[in-house]
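Take a look at the structure below.
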């Protein structure tokens, strides 16, 4: 029996007449990131820069993936923490041709009922 429901945060932006979506699906220690592959501002997208961080540690991380990719799983995250995630489209000169940003909170670890009981001990 599952005691919590999956949470999906969908951020939708319109950029220069084109639509771009960013979907964030949190787990307890990861966030699945999915975006639409598009050509922005007349420039050919060659790579995507994915950046993430949270305000508690003030640490930022990033990775660059190929333009053939449309998703990435960010691993080794803290549970129950809000993260800001952005995907930046880069052209041949590694110039920014568009960014979408969203926030989501990673899920709690383990059984939700057990965590509530531990809070009262």
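A short reminder: the numbers here are calculations on the coordinates, not readings from a lab. Since the model is a prediction, treat every value here as computed from it, not as a measurement. Every residue, glycine among them, receives a Cβ derived from its backbone with ideal geometry; neighbour counts consider all protein chains shown.
Table for the structure above
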| item | result |
| --- | --- |
| Label zone at residue 30, where the point sits 7 Å out along the Cα-to-Cβ direction: the range 44-77 residues whose backbone N lies under 11 Å | 72-77 |
| Neighbour-count order for 34, 60, fewest beta carbons within 10 angstrom listed first | 60, 34 |
| Likely footprinting exposure, 33, 65, 73, fewest C-beta neighbours within 10 Å first | 73, 65, 33 |
| Residue order, fewest to most beta carbons within 10 Å, for 31, 64, 50 | 64, 50, 31 |
| Label-point separation, residue 57 to residue 92 (7 Å along Cα→Cβ), nm | 3.8 |
| Theoretical gain in end-to-end length, residue 99 to residue 44 [0.36 nm per residue, Cα-Cα removed] | 18.4 nm |
